[in-house]
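First the structure, then my questions, so here it is.
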Amino acid sequence: MSDLLIFDHPAPNSWYTESDYQRFKEELKRDVLSFRFRHESQPLDTSSCCPVGIEQLVFSQDRFEVYSARRIVVQSVLLEQDRQRVFGFYNPDEIASLSERLTADACTGALTRGSFQELAMMDNLL
């Protein structure tokens, strides 16, 4: 014998208010600052771990790698556009090729980081 119960749930976007989201952001900032302060006063050996989530904002040595990779792609494309403008020619294929190569390099780096994180997770499970 079984029963079917139907519950009316509010739409997901009404679960949290704007002030809730603001509070979440402030709590996250406090957590990151607290972790950084603790890390500076009691340095940890992070060579054997692979931080993910909020920890990467604190412990990761390459936490700005993703941002700098994007910046490199954008700046390189803009420089190539300027170079072409100065020399008086327009080759959109060369610009696309440059962007594609730099993006592929960034993707390779992301896959490498993901592999390291997966290995670190497996080491922790064993």
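Bear in mind that the values in this text are calculations on the coordinates, not laboratory data. All values reported here derive from a predicted model rather than from experimental measurement. Using ideal geometry, Cβ is built from the backbone for each residue, glycine included, and neighbour counts are taken over all protein chains shown.
Using a simple spin-label model with points 7 Å from Cα along the Cα→Cβ vector, what separation in nm is obtained for T108 and W15?
According to this spin-label approximation, the distance is 4.0 nm.
Mind checking the full-extension length gain between R23 and E40? Use 0.36 nm per residue of separation minus the Cα-Cα distance, one decimal, nm.
My answer for the length gained is 3.6 nm.
Determine, from the Cβ-Cβ distance of D93 and S68 and an R0 of 22 Å, the FRET efficiency 1/(1 + (r/R0)^6), rounded to the nearest 0.05.
0.25
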